[in-house]
Every structure is written in structure tokens, then in C-alpha cells.
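A.B. asks: Please read through the structure below; I'll follow up with questions.
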Amino acid sequence: MDPAETMLETARAAVRLAERKGAREAAAGAYRVRNVEVQWRDGRLERVSEATTRGLGLELYVDGRYASVSTSDLRPEAVDRFVEGTVRLTRTLAVDPYRALPDPALYAPQARVDLDLEDRHYQENTPEARRAVAEGLESAARAAPGAEAILSVTTSVGDTFAETFRVHSNGFEGSRRVTDFWVSAQVSVQDPDGRRPEDWAAAAARHRSELPALSDVGGEAARRALSRVGSRKGDSALLTMAVENRAAGRLLGSLLAALGASALQQKRSFLEGQLGRKVASRLLDLKDDPLLPRGLGSRLYDGEGLAARPFKVFEEGTLASYYVDTYYGKKLGMAPTTRGPSNLTLKLGAKDRAGLLADLGEGILVTGFLGGNSNSTTGDFSLGVQGFRVREGRLGEPIGEMNVSGRHQELWPRLSAVGNDPYRYSALRAPTLVFERVQFAGL
Amino acid sequence: MSAGTLIAASAGGVVEGSATARPAPDGRPGGIHYFARFGVTEALIAEALAAALSRGGDSADVYFQHRVTNDLALEDGAVNRAYAAVELGVGVRVVKGDQTGYGYTEDLSPSALRACAQTAAAIADGPSRAAPERFHLAVRLPQRYPLTLRWDEIGSERKLPLLDGLNARAFAADPRVRKVNVHLRDEAGAVLIADSEGRLVEDEQPMTLLALSCVAEAGGRREQGGYNVAGRAGFEFYGPERLDRVVREAVARTTVLFEAVAPPAGEMPVVLAAGSSGILLHEAIGHGMEADFNRKGVSIYADKVGKPVARPFVNIVDDATNVGARGAINVDDEGNEAGCTHLVENGVLATYLHDAISARHYRVTPTGNGRRQGYAFPPMPRMRSTYMLPGPHRREEIIRSVKKGIYCQNFTNGQVNIGAGDFTFYVKNGYLIEDGRLTRPIKDVNIIGNGPRVLEKVDMVSDDLEIDEGGWTCGKDGQNVPVSQGLPTVRVSSITVGGRGA
């Protein structure tokens, strides 16, 4: 039997085993993943890691009670003992009337599109080719103007081939095969004052042919790191903030954390009761789209087997949908949507980053966040930032060791511009975002 | 990005967890005991190491891991969910100079292990080297996780009342409490490390963590907070005093937020309370002292050993020996002895945190900091329990010395850029200091500084060192490991507070 058939059979067998041991319903997920990563540093190979890994997860519904388990020990006798032990454990828990597999009606219809998530040329990739890419990324970084200040370049090249299988006792069966390819370069440079600032660039794609040119990634990492030399802390002030596309996902992500049904039901969401209300500038127009061909977050069914469909999360600033799974949906009396985001796309503006900076005049461009946190219960956030001062519409000196603070309820209504430059290498395809009157802390 | 992160446990986050494993009694001499049940023998290991060295690597090791994790969670008044996870696998590493080849598998059969070792061997390209056939004990294990009630002997019927009791007490503690989540985790299992020097060691590594978080409502406002405790211990960890503290602190830290104000924005003196404020050390110096970053020349602390970095009364250690601490280890994940390492001694930068590769590079003895998340990951230099030793000042004296500043008490997470040295930590609870007194509570504020500059500004250190009992997890290069941290009350004369008040 080919390994994929074996893992599908493992999932089916786990469901049957759970039922035999006393579960009324069960869902199993099995995976088999091949991971290869090559890391290169300063002219030589640093680390090569390669493995094919597998595992099994199982959700058990026993006498109105619930438990979920996972194991990488797939020896049949070990799985048998594990499931038996877990069924016994589940029987000791409190009854939970809201626990059940999803309504089978929601498993269909799955979209009839080819998401094209598997690169059929995956097997053609060789250790030599990966090494050559890793080496090429370093050469590109060292070809950047000002490269004399470079202390070290680390690059990495990796790919994944993943097969996952999901089987539910009430009729769902799904399987998917996806490939992922990524490259990254990280560059450290010498600042004359003794600091050794670093920055990175990376790219990821479902198909190897969609990765950008090595010179783009390596060169960008070097340019970014070199531009950090001489960074200073600026004054504390209320300023216009532009957030670069690849950093903007952090802000959107902390907003989305308040949209989950579990946060709503547990009173940990500042967006509770806001459905259909305007909570942001009309420029916040965000769609969850699981059906984008080759998308990094694309899927035909979600983690619960529900058929995936695109929907609006925010429509012109109005909250259009929460993320509702089966369990918390039942607790809240809400119909399930999906448990969590797939691909997220924002309605784009007309201008690129340079155009947005020219319009904003005076402010700060944030190119990266450092630590910090966001409180989904109250909407408070406070995040470390680095980036550049923007003066007269152009990039000025690098700034660092600064912080932005506020409340999401006040930040998103102040979204004043959206770029035309979505970040391609994340499922969250954020463009550059501009916010008015943001509190920066520094000197 | 060379960034390290640190995250506190919370009852919201879900984990996995369990099964039953019966480890061998403590104190046995060398040989394979625990892993014998999985068919692991010296012959199997010898064969794997021979395959690993088949292309001329300098050295090789195998790392077997079995970990059984159990989680019970209480929500909406009932323990209505359990998670259990079994991890069983082996990683094979081949080292050639400072280059690493790595492979891992969940299949412990001789053929799978051989294939995995051959994958790792490909880092080298030369004639094969001889591998050992017999193994001896790598290190005598100290007993740093003594426990009386083993997790594999504690059924859920003994754990459930603990969660139910905490829930009832949290609601009884304050009428404003509206939601309570309790999460109890226990881990049992062992690791086996054997290497091409013929060294072999097995270590059973228990762990437990309890987190209580609550949401309170008052006057149309909601606040969320909590408290968590963790250690390498058994069920006996949960004595009445500790449980009292969990409820009291979780409720107090939540309800005080109703009075909290936004602190001012900008540079000001900051006093760090004894205990979890050790997060400052973890971010400001700990990661930067991990020797891999220095070997590569990308840390802001590269080339600074032997130079003064702080006042003479500042002493900072990274210590594997705190009995029962979450960050304690008997032996590191490369089979090396783990002791107490001085990062800063009398204000002078003393020793990097080494794994075997960096120790060879610097020609020093490994410090026992080679750690890994699990069998799927090669080891690298990591912290264990990082803290500052007591200093000459008194807590009251330190608070009294500040005219306008803040006092930080409780933290959720931190992060650092190792090369630029900029780091942050997020303050969940604290107070304003006005004219030498703690006045109004503050909340939800990030603090940002630069490691070496902030160390220079540590100008008062109290005598009240506390090692925090919380469940901290350190992230680096995609690998998470459990750590501890501690601090006496400390004053930093000036650092940027990411507030938004005037």
C-alpha cells in the first residue's frame, strides 16, 4: 500500500477503534509530512535537516463528554491502549451538551475549483539545487551597495510535502496534498556605534516556480539591514503611522483575535455585540477567501470539515462576520462560519508605498514590530516598533527602540489610506496601511 | 530574524497531552532502562551511530524522546475537556566542524533509524569513521526534580476536584468575577542521549503547570487577568498554600485593572518588582549571551567578554540547579552536565551559554545549555533559569528614590533583537510611582530598551531575590523550551515606557 493510503487507513481505523471502545462519535486526522531545510552561513553549509514525519489526532465524543488526543506512536498496540485509556479518561469528565461533530449538511457542497496547492515537480528538487539557492541568496546579499558593513549572512531554503487526511464518524472524509517552498535571508551589519543591526527578507509559495528571483530576496535583506545603521529613538508624539505591508499583518491579526466565537462566549472580545456596526474606517474592507488558487491559506474544507466559502469579515468598516466554530456557535446560538482565517485580502487602494508616504507628509513608517501585546478583552495594545521617520513625504532617518500604544477601537477608525501592495508571502495579504494620530513613545 | 521570545502561560491557550508510562526507579546506574520498553538497545544505537558516521562526520548523537502530556481544562464551571498527547521519536545529529546534519523519525525500527542516520550523515563527505559499540554513563544525574506523587499514578479523579475547587473559590473571591478558566497540565516521560564518544544517559523529566485566568465585569467594563505556576514536580506541587496564592493573585491582578490608568509615554525611571521581572535579564542579556550568536558574530555582546557591562553589584547567572524549577535540568540535551553559569560577575561580562558546537569553537567546557524542544530539533544554546543575585539596596529605598516613574509587577511576554540589542517586555500589572510612593495601578503597557544600555542603567539592586514560579516558555529559531527567571527589586534609571498618558 502506498504511504498515503496507509495514513488514510490509519485515520479510518482510529475512528472505528474509538467507536469500538465506546465513543458515540469520533473524528480522526492523520498526517504525513516530508520536511527539508538547508541553512547556509557565510560561504558554507550550516545545517541540513530532513525528515518524513507522521502522526495521528483523534477527537472523542463519549457519553456526552469530550476529549482530544494526538500521538506519534503509531504502533497498533500502542494506539489501541492509548484510545482505550482516553475513552476511560473522557468518561470521568463533566457532561458537555454542546459537544458534537458538525452538522453533516455543512460538509457539502465543497467548491468545485482546483486550488492547485501541489507542485507536481516537487520530487525534482535536489539537495544540490537547494544548496545552490542558499548560496545564491548570500551572493545576492553581498552584492548590495554598502556590503562592506555586512558581518554575516544566513540564508535558508526549505520545502514541505504534506498529506493530511480527516475522517469523521458521521460521514466526512477529506484528504489534501500540498507543497510549500520558502527561501529567506538574514543579514547582520556593523553599526559604527557597536550595535549589529539585522534584518531579513523571505518568500514562500506553493509552487517552486513562483518564488521570486534570489537577487530580490538576498538583496532586499541586505538593503534593509544596512538601512538600520545609525537608528535613533525619536521623540514621544502623536504622529501619522504608515505600516509596511509585511508588518501590517500583526495589527490585523490582533484585531482578528477578538472575532473568534470562543473569545465572544468567554467575554474576552471588545467586538462582542458589534456585528453589523461600523467599527472602523470605511477603508477596512476585508475578505476571508479560502478558494484562491495557490494561496498559502487556501482550503476546500476547514479544520472541522466544513465546506469552505469566501465571506466578508469587514465591509467598508462594518463588522460583517465573526469566526464561529461548531462548539462555541452552539453555546452562543450562532450558525458556524469557520473556526479561523484562511486567506485574508483587503480591498486595495490606488497607491504604492512611496505614493502613500508622499501623501502623509510627516510621520513614521513602521517596518517591523518588536514584542508587545494586544488585549482582546479591552482592545488595548502596546507594541515595540522600528522603522523610519517620514519627512516631507520621503523616508528620513531610521528610528528604533520606540513603541506605539492605543486601543483598537480608536485605531481602526483612523485608518486613512490602504496601499495597492499586498504582501504575497503570507496567507494574510496585508497592504501598507496608514493611520492618523497614533501615540508613539520614545524619548 | 535573530529574535528570542518569551511567553507566559495562560488558561486560554490549549495544549495537548497523555498516556501511561512506567519509568524505572530513580538512581539506577548506566544502561538503557526507560527506553527498553520501546525496543531500544545498545546494538540499535551502535548501528545508528555507525550509519551516522558513515561519511566521516566528526561526531554524532542520537536523542530518543518519549513524552506524555495530559491537559484538563475547566470552562463555564465544569471540567469538560481533556487533551492528551504522546510524543515518541528519535533525532540523529551528525556534526562536522560547526556544520550539522539532522534527521528524525517516529519509527524506532532499525531500518527507519538507519535511513534517518544516513540522511544526517550527508552533511559530511569523506571516509567513514568508527562508531562505539559499548556505552558508558555520560554524567551522574543529580536529583533536581524529586517528586513524591508521580503523574502516571494520579488518575483524573484526583485532578478534577482541584480544578473545580479553584473555580468555586475564584467566583467566591469577588462578585465581579464573571468567567473563570482553569488549566492543569502534567508531563511525564524521558529522554535518552547517546553519542559517538560512547556516552549514554537517560533522564526522566516531569513537568506540571496550572493556570487560572478570569474575566471580571464592573460598571460596563471588562478586564481579564490571571496567575500561573509551574515546576518539574508531581501532584504534591499543589499544596494548599500554592493553590491559595493562585486564586488570590489571579483575582487580585484582574480586579485591580478597573482602577488602572494609562501610564505616561517616554523615558522615565522604572522599578522592577522581585520575581518575574527576571524577564528583563532574559531579553536584555540572556539571548545575547547564547554562544551561537556570538560565534557567528551577530550578537551585540560579541567580543565583550571580560569587559565591564554593569555596576559592580550586578551579578547575573543562568542556573540549571534550582531544584523543582521549570527551568531546571539534570543534564542538557547533548548529555552534558548542567550547572550554574555566570553571565555577569561583579559587573563584568563573564561566560557565554554554550552548547557542544560553540564550546568546541571557543575551546571551553560546555556549560550544559545545549537544549531542544524535542526529537525533531537539533540542540542549540538556550537558557535554563536566569536571574540576578541579591544586591546592596532595600526595596523601600528603591521605590522611595523615584520621583516620577513606574513599578512593574507582572508580565505576559517579551522579545529581543539580538544584534541591535533592542528588547521589549509587556507589563500586565504595575503602579505609577509618584514622589517615592506607589500610587495608581497601570496596565497593558510595553517597555522597550536596548540591552547593553539598560544594563548600564541598572543602578540599584535589592536584597530580595525571588525566582518566579510561573510557566515561562522561551522561543528561538522555531523551538520552544521551558525556562525560569528571577530578579531582586531593581531600579533602571531610565527606559522608554510605551504609555499614552501625559
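A.B. asks: If you check residue B:156 against the conditions, is it surrounded by fewer than 22 Cβ atoms within 10 Å (Cβ to Cβ), touching a residue at least 24 places away in the same chain (Cβ under 8 Å) and within 14 Å of chain A (Cβ to nearest Cβ)?
C.D. replies: Working: surrounded by fewer than 22 Cβ atoms within 10 Å (Cβ to Cβ): yes; touching a residue at least 24 places away in the same chain (Cβ under 8 Å): yes; within 14 Å of chain A (Cβ to nearest Cβ): yes.
Judged against the criteria, residue B:156 is a match.
A.B. asks: Does residue B:134 count as in contact with a strand residue (DSSP E or B) (Cβ under 9 Å, 6 or more places away or on another chain) and either of a type in the set (Lys, Arg) or free of Cβ contacts under 8 Å to residues at least 60 places away in the same chain (or both)? Give the derivation first.
C.D. replies: Values: in contact with a strand residue (DSSP E or B) (Cβ under 9 Å, 6 or more places away or on another chain): no; either of a type in the set (Lys, Arg) or free of Cβ contacts under 8 Å to residues at least 60 places away in the same chain (or both): yes.
Judged against the criteria, residue B:134 is not a match.
A.B. asks: Separate question: Restricting attention to region A:252-298, report how many residues are under 30 Å from residue B:76 (Cα atoms) and not in a strand (DSSP E or B).
C.D. replies: Looking only at that region, the number is 26.
A.B. asks: Only one of (1) assigned to a loop (DSSP other than H, G, I, E, B); (2) buried (at least 21 other Cβ atoms within 10 Å of the Cβ) fails for residue B:104. Which number is that?
C.D. replies: (1)
A.B. asks: So is residue B:34 within 13 Å of chain A (Cβ to nearest Cβ) and hydroxyl-bearing (Ser, Thr, Tyr) or not? Spell out the reasoning first.
C.D. replies: Details: within 13 Å of chain A (Cβ to nearest Cβ): no; hydroxyl-bearing (Ser, Thr, Tyr): yes.
It is false that residue B:34 is within 13 Å of chain A (Cβ to nearest Cβ) and hydroxyl-bearing (Ser, Thr, Tyr).
A.B. asks: How do the strands (runs of 3 or more DSSP E) wholly within region B:395-502 filter down when requiring 1 or more residues that are β-branched (Val, Ile, Thr), in contact (Cβ under 8 Å) with a residue 12 or more places away in the chain and surrounded by 23 or more Cβ atoms within 10 Å (Cβ to Cβ): which remain? Walk me through how you get there before you give the answer.
C.D. replies: Details: elements: B:404-417, B:422-434, B:437-450, B:458-461, B:472-476, B:479-487, B:490-498.
In region B:395-502, B:404-417, B:422-434, B:437-450, B:458-461, B:479-487, B:490-498 are the strands (runs of 3 or more DSSP E) which contain 1 or more residues that are β-branched (Val, Ile, Thr), in contact (Cβ under 8 Å) with a residue 12 or more places away in the chain and surrounded by 23 or more Cβ atoms within 10 Å (Cβ to Cβ).
A.B. asks: For region A:221-251, which residues satisfy the criterion of being within 12 Å of chain B (Cβ to nearest Cβ) and assigned to a strand (DSSP E or B)?
C.D. replies: Of everything in region A:221-251, those that are within 12 Å of chain B (Cβ to nearest Cβ) and assigned to a strand (DSSP E or B) turn out to be A:232, A:237, A:238, A:239.
A.B. asks: Hey, could you check region B:79-105 for residues that are free of Cβ contacts under 8 Å to residues at least 40 places away in the same chain and at the interface with chain A (Cβ under 7 Å from one of its Cβ atoms) and say which is farthest from residue A:54 (Cα to Cα)? I'd like the intermediate steps shown before the answer.
C.D. replies: As a first pass, look at region B:79-105 and keep what is free of Cβ contacts under 8 Å to residues at least 40 places away in the same chain: B:80-81, B:97, B:99, B:103, B:105.
In the following step, the residues that additionally are at the interface with chain A (Cβ under 7 Å from one of its Cβ atoms) were identified as B:80-81, B:99, B:103, B:105.
Working: B:80: 29, B:81: 25, B:99: 27, B:103: 14, B:105: 8 Å.
Checking each candidate, the answer is B:80.
A.B. asks: Quick check: anything in region B:444-461 touching a His at 6+ places or on another chain (Cβ under 8 Å) and more than 14 Å from chain A (Cβ to nearest Cβ)?
C.D. replies: Looking through region B:444-461, at least one residue is touching a His at 6+ places or on another chain (Cβ under 8 Å) and more than 14 Å from chain A (Cβ to nearest Cβ).
A.B. asks: Exactly one condition in (1) more than 30 Å from the chain's Cα centre (by Cα); (2) surrounded by fewer than 21 Cβ atoms within 10 Å (Cβ to Cβ); (3) more than 10 Å from chain A (Cβ to nearest Cβ) is false for residue B:124; which is it?
C.D. replies: All conditions are met except number (2).
A.B. asks: Based on what the data block shows, is residue A:197 outside the structural domain of residue A:23 (by TED's automatic domain parsing), free of Cβ contacts under 8 Å to residues at least 12 places away in the same chain and not polar (S, T, N, Q)? Let's see the steps before the verdict.
C.D. replies: Working: outside the structural domain of residue A:23 (by TED's automatic domain parsing): yes; free of Cβ contacts under 8 Å to residues at least 12 places away in the same chain: no; not polar (S, T, N, Q): yes.
No: the conditions fail for residue A:197.
A.B. asks: Hey, which of the strands (runs of 3 or more DSSP E) in region B:256-360, taking only ones fully inside, have at least 3 residues that are within 30 Å of residue A:442 (Cβ to Cβ) and within 14 Å of chain A (Cβ to nearest Cβ)? I'd like the intermediate steps shown before the answer.
C.D. replies: Details: elements: B:265-272, B:316-319, B:340-345.
Passing ranges, in order: B:265-272.
A.B. asks: May I pose another question? Are there any pairs, at least 6 apart or on different chains, whose C-beta atoms fall under 7 Å, with the first in region A:80-92 and more than 14 Å from residue A:24 (Cα to Cα) and the second of a type in the set (Ser, Thr, Tyr) and surrounded by fewer than 16 Cβ atoms within 10 Å (Cβ to Cβ), and if so, which?
C.D. replies: A:85/B:20
A.B. asks: Kindly evaluate residue B:71 against the criterion of being outside any strand (DSSP E or B) and within 12 Å of chain A (Cβ to nearest Cβ). So that I can check it myself, show each step before the final result.
C.D. replies: Details: outside any strand (DSSP E or B): no; within 12 Å of chain A (Cβ to nearest Cβ): yes.
Here the answer is no, as residue B:71 does not meet what is asked.
A.B. asks: So which of A:378, A:337, A:367 ends up being within 29 Å of residue A:297 (Cα to Cα), in contact with a Phe, Trp or Tyr (Cβ under 9 Å, 6 or more places away or on another chain) and either surrounded by fewer than 19 Cβ atoms within 10 Å (Cβ to Cβ) or away from chain B (no Cβ under 14 Å) (or both)? First the steps, then the outcome.
C.D. replies: Values: A:378 fails: either surrounded by fewer than 19 Cβ atoms within 10 Å (Cβ to Cβ) or away from chain B (no Cβ under 14 Å) (or both); A:367 fails: either surrounded by fewer than 19 Cβ atoms within 10 Å (Cβ to Cβ) or away from chain B (no Cβ under 14 Å) (or both).
None of the other options fit; the residue is A:337.
A.B. asks: Considering only region A:98-134, how many residues are within 14 Å of chain B (Cβ to nearest Cβ) and either farther than 30 Å from residue B:78 by Cβ or within 25 Å of the chain's Cα centre (by Cα) (or both)?
C.D. replies: Step one: filter region A:98-134 for residues within 14 Å of chain B (Cβ to nearest Cβ), giving A:98-100, A:126-128, A:130-131, A:134.
Filter again for either farther than 30 Å from residue B:78 by Cβ or within 25 Å of the chain's Cα centre (by Cα) (or both), leaving A:126-128, A:130-131, A:134.
Of the residues in that region, 6 qualify.
A.B. asks: Can you give me the number of residues within region A:424-443 that are away from every other protein chain (no Cβ under 14 Å) and either farther than 21 Å from residue A:403 by Cβ or assigned to a loop (DSSP other than H, G, I, E, B) (or both)?
C.D. replies: Going through region A:424-443 one residue at a time, the tally reaches 9.
A.B. asks: How many residues are more than 14 Å from chain A (Cβ to nearest Cβ) and either farther than 24 Å from residue A:269 by Cα or acidic (Asp, Glu) (or both) if we restrict to region B:203-245?
C.D. replies: Counting residues in region B:203-245 that are more than 14 Å from chain A (Cβ to nearest Cβ) and either farther than 24 Å from residue A:269 by Cα or acidic (Asp, Glu) (or both) gives 24.
A.B. asks: Checking residue B:389 against (1) at pLDDT below 95; (2) over 30 Å from residue A:187 (Cβ atoms), which single condition isn't satisfied?
C.D. replies: The failed condition is (1).
A.B. asks: Okay, next question. Just for region A:192-220: of the residues that are buried (at least 17 other Cβ atoms within 10 Å of the Cβ), in contact with a helix residue (DSSP H, G or I) (Cβ under 9 Å, 6 or more places away or on another chain) and farther than 24 Å from residue A:294 by Cβ, which one is farthest from the other protein chains (Cβ to nearest Cβ)?
C.D. replies: A:219
A.B. asks: Can you tell me which residues in region B:418-443 are under 16 Å from residue B:407 (Cβ atoms) and within 10 Å of chain A (Cβ to nearest Cβ)? Walk me through it before giving the result.
C.D. replies: Of region B:418-443, the ones under 16 Å from residue B:407 (Cβ atoms) are B:425-443.
Residues satisfying the conditions are B:425, B:426, B:427, B:428, B:443.
The values are calculated or read from the model by the stated rules, or taken from the named source; none is laboratory data. None of the values given here were measured: they were computed from a predicted structure. Positions of Cβ are generated from backbone atoms using ideal geometry, with glycine treated the same way; all protein chains shown enter the neighbour counts.
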